[in-house]
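Single-structure report; data block below.
The values are calculated or read from the model by the stated rules, or taken from the named source; none is laboratory data. No experiment lies behind these values; they were computed from the predicted model shown. Methodologically, a virtual Cβ is constructed for each residue, glycine included, from the backbone with ideal geometry; neighbour enumeration extends over all protein chains shown.
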Amino acid sequence: MAGPSDTKRLSERTRLVLGGRKPAEQFGFVNTPIYRGSTVLYPTYEELKARRQTYIYGTKGTPTTRALEEAWTDLSGAAGTVLVPSGLAAIAVALQSCLKAGDHMLVTDSVYRPTRQYADGVLKRFGVETTYYDPLVGAGIADLMRPNTTVVFTEAPGSQSFEMQDIPAIAAAAHAKGALVVMDNTWATPLYFPPHERGADIAIEAGTKYLGGHSDLLMGLVTANARAWPALKETFDLTAVGAGPEDCFLALRGLRTMKLRLDEANRQGMAMAEWLSQRPEVKTVLHPAFASHPGHAIWKRDFKGASGLFSVILHPLTERQLGAFLDGLELFGMGYSWGGYESLVVPFDCAPYRTATTWNPGGTALRFQIGLEDVADLQADLAAGFERIKAAG
Ligand SMILES: *Cc1c(COP(=O)(O)O)cnc(C)c1O
């Protein structure tokens with residue numbers, strides 16, 4: 001197998017199979033193995049002086065990390081990728097690359113909560129001021145920009161509350177004032193939302209979710225377009241926060257089946273969300289692929305699919321009823337993170353930490369991650385839970 005000379009003409013599915021692979025450099029083995037290493041030896045003094053070789057030190061990359069970087073850069077339509085040990089580390093290194101003391105950052109009020117905690121807890125100490133904005137602001141972001149606003153942070157949809165952001169409109173307004181757009185694209189992944197094509201300068205993916213896919217991996221990926229790449233790469237190199245080789249190997253393994261798993265999550269999630277929407281206990285389903293979702297038109301315009309993560313608002317439950325519902329579930333685990341093969345549920349409340357918008361859904365909020373179990377089994381598990389709510393009423 002010679003391998004294709006130009007991968008750009010190939011479809012995404014084929015690129016997921018080929019991405020980053022160089023069997024000829026690995027004695028013909030299909031997968032790039034786990035390279036562990038700090039020291040890389042130089043053959044001559046001349047080459048040592050010039051640092052003239054592909055790999056120069058463990059923190060600067062190995063064939064394992066390079067394989068994943070190349071595949072992800074290609075998939076994301078980016079200028080480059082850096083790999084870090086978690087999604088939150090990806091957010092941290094991305095923001096460090098484009099902020100300095102005295103800067104102002106705008107962050108969506110629907111943001112992943114640890115991003116907010118990083119901004120308020122760490123960036124603030126380094127002299128960066130953050131203000132939160134209504135996720136539905138769209139082009140109105142222009143009115144919130146200050147002369148020192150250098151970053152507009154976006155996430156679509158919010159990973160609990162599912163507000164859909166108009167990324168192209170926000171990006172156009174931010175770029176007109178010289179700011180960079182950073183996006184947390186964990187929900188859609190580059191398979192369902194091409195971040196750079198839609199206006200993001202830097203995109204973050206928690207590979208912990210759909211790239212890993214098996215709840216056994218922590219991984220963060222940051223991609224950048226040509227404008228943002230030099231600073232991202234320099235910050236990453238100076239910080240040396242690279243992901244470990246075993247984790248990169250597992251992520252590469254996940255990459256090969258990522259589209260199959262994501263498409264299935266999309267189908268399973270829709271089937272469960274539709275079933276839930278018919279239940280009398282459910283007040284609202286928060287799923288952008290539903291025609292009734294306020295952000296549906298944006299989702300349809302900009303996204304190629306949905307993941308298996310969505311929320312529902314139940315008619316208000318007492319704590320006793322909620323406990324009876326959750327504690328008796330046999331298939332849905334209760335726990336954070338998502339994107340694995342198994343179904344999860346967590347109750348949530350955004351009200352205590354929102355600052356730009358009010359979260360008042362008028363009922364009990366639950367977030368579901370739908371895994372690969374049979375949907376009839378999952379529905380029966382929830383139906384039994386709804387019976388326990390009645391009994392505890
Ligand atoms: C999980 C998650 C992260 C962080 O990923 P970790 O690997 O758990 O640190 C970031 N953003 C979103 C939207 C997430 O769901």
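The table for this structure:
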{"read-out": "Residue satisfying condition, being surrounded by 13 or more Cβ atoms within 10 Å (Cβ to Cβ) and modelled with pLDDT of 95 or more, within set 320, 367", "value": "367"}
{"read-out": "The lone exception for residue 232 - which of (1) part of a helix (DSSP H, G or I); (2) surrounded by fewer than 24 Cβ atoms within 10 Å (Cβ to Cβ) it fails", "value": "(2)"}
{"read-out": "Some residue of segment 3-19 being part of a loop (DSSP other than H, G, I, E, B) and in contact with a Ser or Thr (Cβ under 7 Å, 6 or more places away or on another chain)", "value": "no"}
{"read-out": "Among residues of segment 1-21, those that are more than 27 Å from the chain's Cα centre (by Cα) and either within 30 Å of residue 192 (Cβ to Cβ) or surrounded by 10 or more Cβ atoms within 10 Å (Cβ to Cβ) (or both), counted", "value": "5"}
{"read-out": "Hits in segment 235-252 - residues which are assigned to a helix (DSSP H, G or I) and under 18 Å from the mean Cα position of the chain (by Cα)", "value": "247, 248, 250, 251, 252"}
{"read-out": "Residues that are without any contact (Cβ under 8 Å) to a residue 60 or more places away in the chain and touching a strand residue (DSSP E or B) at 6+ places or on another chain (Cβ under 9 Å), drawn from segment 334-354", "value": "334, 335, 336, 343, 344, 345, 346, 347, 349"}
{"read-out": "Criterion: farther than 27 Å from residue 213 by Cβ, assigned to a helix (DSSP H, G or I) and of a type in the set (Gly, Ala, Ser) - qualifying residue of 291, 297", "value": "297"}
{"read-out": "Close pairs from segment 255-281: first among the hydroxyl-bearing types (Ser, Thr, Tyr), partner buried (at least 17 other Cβ atoms within 10 Å of the Cβ) and assigned to a helix (DSSP H, G or I), Cβ under 9 Å, at least 6 apart", "value": "257/16"}
{"read-out": "Set 386, 368: member being aromatic (Phe, Trp, Tyr) and not in a helix (DSSP H, G or I)", "value": "368"}
{"read-out": "Count of residues meeting criterion [over 17 Å from residue 151 (Cβ atoms) and either surrounded by 24 or more Cβ atoms within 10 Å (Cβ to Cβ) or within 11 Å of the ligand (Cβ to nearest atom) (or both)] in segment 193-213", "value": "9"}
{"read-out": "Check on residue 339, within 16 Å of the ligand (Cβ to nearest atom), buried (at least 19 other Cβ atoms within 10 Å of the Cβ) and at positive phi", "value": "yes"}
{"read-out": "Which numbered condition residue 226 fails, given (1) within 16 Å of the ligand (Cβ to nearest atom); (2) touching a residue at least 60 places away in the same chain (Cβ under 8 Å)", "value": "(1)"}
{"read-out": "Members of segment 25-57 found to be among the small types (Gly, Ala, Ser) and loosely packed, with under 11 Cβ neighbours inside 10 Å, listed by number", "value": "28, 38, 50"}
{"read-out": "Some residue of segment 61-75 being free of Cβ contacts under 8 Å to residues at least 60 places away in the same chain, of a type in the set (A, V, I, L, M) and either farther than 14 Å from residue 242 by Cα or loosely packed, with under 15 Cβ neighbours inside 10 Å (or both)", "value": "no"}
{"read-out": "Any hit, segment 109-117, residues being touching a helix residue (DSSP H, G or I) at 6+ places or on another chain (Cβ under 6 Å) and within 17 Å of residue 350 (Cβ to Cβ)", "value": "yes"}
{"read-out": "Test: residue 280 is more than 26 Å from the chain's Cα centre (by Cα) and either part of a loop (DSSP other than H, G, I, E, B) or within 16 Å of the ligand (Cβ to nearest atom) (or both)", "value": "yes"}
{"read-out": "Within segment 88-107, tally of residues that are more than 17 Å from residue 235 (Cβ to Cβ) and either surrounded by fewer than 22 Cβ atoms within 10 Å (Cβ to Cβ) or within 11 Å of the ligand (Cβ to nearest atom) (or both)", "value": "2"}
{"read-out": "Any hit, segment 53-72, residues being under 14 Å from the mean Cα position of the chain (by Cα), within 16 Å of the ligand (Cβ to nearest atom) and either on the phi > 0 side of the Ramachandran plot or in a helix (DSSP H, G or I) (or both)", "value": "yes"}
